[in-house]
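Right, one structure below, let's go through it.
The values are calculated or read from the model by the stated rules, or taken from the named source; none is laboratory data. Computed from a predicted structure; not experimentally measured. No Cβ is skipped: glycine too gets one built from the backbone with ideal geometry, and neighbour counts run over all protein chains shown. Please note that ligands, DNA and RNA were not included when accessible areas were found on the heavy atoms of the full protein model with its side chains. Shrake-Rupley method; radii C 1.70, N 1.55, O 1.52, S 1.80 Å.
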Amino acid sequence: MKDAAAALTRGLSARHIRFIALGSAIGTGLFYGSAGAIEKAGPSVLLAYLIGGAVVYLVLRSLGEMAVRNPVSGSFGEYASTHLGPLAGFMTGWTYTFEMIVVCLADVTAFGVYMGFWFPEVPRWIWALAIVFFIGALNLLSVKVFGELEFWFTLVKVTAILALIGAGVATLIFGFGIYDTAEGASNLWDEGGFFANGFGGFVACFAIVMFAFGGTEIIGITAGEAEDPAHTIPRAVNTVPVRIMLFYIATLAVIMAIIPWHTIGTGSSPFVQIFEAIGVGPAAAVLNVVVITAALSAINSDIFGAGRMMYGMAQRGQAPAAMTKLSRSGVPWMTVAVMTGALLLAVLLNYLIPESVFIVIASIATFATIFVWVMILLAQVRSRRRMTTTEVQSLKFPVPLWPAGQIAALGFLGFVVVVLAFDADTRVALVVGAVWLAALTAAYLRFVKPRVHAPRPAAEPSAS
């Protein structure tokens with residue numbers, strides 16, 4: 001193994017970064033979680049994804065400005081430490097790690113649900129156990145292997161979504177004997193109206209909608225291992241609006257136009273349900289392979305992102321020094337081992353509460369995600385206000401709509417936290433989140449602050 005002073009390998013090319021960024025927004029939140037969002041809001045979920053996507057774009061542009069200016073392995077944990085103080089950095093880094101663990105729990109759970117399409121008699125926890133160890137082993141390989149895996153995983157997802165959109169539009173136009181073309185896209189407004197569950201249902205869906213975008217901040221973490229972050233990071237971030245319009249809004253619009261929104265259940269992916277509903281069984285099986293690929297991709301990048309964050313915190317003295325140990329291929333192997341061990345909790349939860357585990361996990365992940373995004377925005381605001389006019393003018397990737405965009409994004413994220421409090425299914429997230437932040441503060445004051453602020457021993461006088 002390499003010693004702690006060794007550095008991460010810069011093995012991610014522009015192609016890798018673009019597809020990691022692309023894949024981070026196309027995961028369990030779209031392929032499985034969207035069913036829960038549709039159930040709450042009906043067709044108005046399309047507007048919710050559009051609003052949420054605009055806010056996420058502002059967050060990523062704020063992160064991109066800092067990542068291009070200072071590409072480091074600790075990413076926004078490092079930026080929060082630098083611009084908001086060491087406690088903020090400590091809480092941001094560990095909350096992101098917590099977010100990745102919780103999101104990964106949801107992804108592992110979704111994987112078990114997908115496998116139930118073929119093996120309904122096999123307990124879900126068995127699939128959860130198998131996938132945790134499989135992906136953990138993959139993450140012990142070099143970062144270039146990780147990049148290649150994400151490239152191919154994402155290529156499968158993107159190809160499938162484009163094919164679904166194309167097939168759906170063709171079905172709406174030509175019918176093919178399985179759909180009445182005279183109805184057009186009327187299912188989007190005839191089944192109770194666009195706001196089918198009222199404004200309350202529209203508001204309630206934001207808890208799940210924002211979960212879908214959780215993990216997109218991995219773009220900042222890849223800067224520490226990107227070959228050319230000044231060019232790859234802006235290209236990756238700027239594709240976010242197109243991804244949201246195409247992969248969320250267009251896809252879900254096609255699905256809800258063909259099959260009434262209230263017939264979409266949470267027992268499997270809506271992508272599989274649409275082909276089952278119109279009687280194309282083989283296509284449903286193929287789509288199930290695709291959503292399994294999406295889950296594998298999400299788990300893979302979750303472990304990567306959390307591991308690199310813990311590595312960066314260990315370098316700043318905010319995590320155990322053992323987490324800086326690298327394998328011969330430049331991978332922080334200890335952090336991968338920690339993540340794999342933590343994910344065994346998914347196995348336990350799927351054994352104990354298989355029916356309600358996803359919504360609980362998703363709401364907790366949403367809280368953690370929002371906290372990290374708020375810290376990214378605050379760090380960028382503090383960073384910008386500390387710059388001279390010359391430094392601002394020299395920025396290679398400045399945020400748009402400064403500072404109104406950042407203020408609006410912060411206000412919206414506060415609104416989503418309030419939404420969590422008013423929904424009985426998601427209220428537990430605030431309790432867990434408050435306990436988590438209190439525990440982090442106590443841990444920092446007890447273990448980190450004394451070490452960071454400890455007086456250094458005086459240098460001995462040199463012999464003359």
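Taken over region 101-127, the residue count meeting the criterion of being acidic (D, E) and within 15 Å of T293 (Cβ to Cβ) is 1.
The criterion of being more than 30 Å from A424 (Cα to Cα), modelled with pLDDT of 80 or more and over 20 Å from the mean Cα position of the chain (by Cα) holds for P400.
Every test in (1) modelled with pLDDT under 75; (2) part of a helix (DSSP H, G or I); (3) under 25 Å from N70 (Cα atoms) is passed by Y351 save one, and that test is (3). With respect to being touching a Phe, Trp or Tyr at 6+ places or on another chain (Cβ under 9 Å), at pLDDT below 90 and crowded, with 19+ Cβ neighbours inside 10 Å, A368 fits the description.
Counting the residues of region 404-414 that are exposed (fewer than 12 other Cβ atoms within 10 Å of the Cβ) and hydrophobic (A, V, I, L, M, F, W, C) gives 1. Filter region 62-80 down to residues that are surrounded by fewer than 24 Cβ atoms within 10 Å (Cβ to Cβ) and under 15 Å from M309 (Cβ atoms) and give me whichever is nearest to the chain's Cα centre (by Cα). Within region 62-80, the match that is nearest to the chain's Cα centre (by Cα) is S73. Across region 243-258, the qualifying residues are those that are closer than 14 Å to I26 by Cβ and at pLDDT 75 or above, and the one among them that is surrounded by the fewest Cβ atoms within 10 Å (Cβ to Cβ) is L246. Is it the case, given these coordinates, that L413 is at pLDDT 90 or above and closer than 22 Å to V103 by Cα? Against the criterion (at pLDDT 90 or above and closer than 22 Å to V103 by Cα), L413 qualifies. Check region 392-403 and report whether any residue there is loosely packed, with under 15 Cβ neighbours inside 10 Å, in contact (Cβ under 8 Å) with a residue 12 or more places away in the chain, closer than 17 Å to P234 by Cβ and charged (D, E, K, R). Within region 392-403 (the criterion being loosely packed, with under 15 Cβ neighbours inside 10 Å, in contact (Cβ under 8 Å) with a residue 12 or more places away in the chain, closer than 17 Å to P234 by Cβ and charged (D, E, K, R)), the answer is yes, since at least one residue qualifies. Residues of region 259-289 being open to solvent by less than 10 Å² (accessible area, probe 1.4 Å) and modelled with pLDDT of 75 or more, which ones? If the condition is that a residue be open to solvent by less than 10 Å² (accessible area, probe 1.4 Å) and modelled with pLDDT of 75 or more, then I264, N288 are the ones that fit. Within region 239-255, being assigned to a helix (DSSP H, G or I) and of a type in the set (V, I, T) holds for V240, V242, I244, I249, T251, V254, I255.
When F98 is tested against (1) open to solvent by 10 Å² or more (accessible area, probe 1.4 Å); (2) in contact with an Asp or Glu (Cβ under 8 Å, 6 or more places away or on another chain), exactly one condition is not met: (2). Annotation: V169 fulfils all but one of (1) out of contact with any Pro (no Cβ under 8 Å at 6 or more places or on another chain); (2) part of a helix (DSSP H, G or I); (3) open to solvent by 40 Å² or more (accessible area, probe 1.4 Å); (4) within 30 Å of F415 (Cα to Cα); the unmet one is (4).
In region 422-441, the qualifying residues are those that are open to solvent by 30 Å² or more (accessible area, probe 1.4 Å) and under 22 Å from Y49 (Cβ atoms), and the one that is nearest to the chain's Cα centre (by Cα) is D425.
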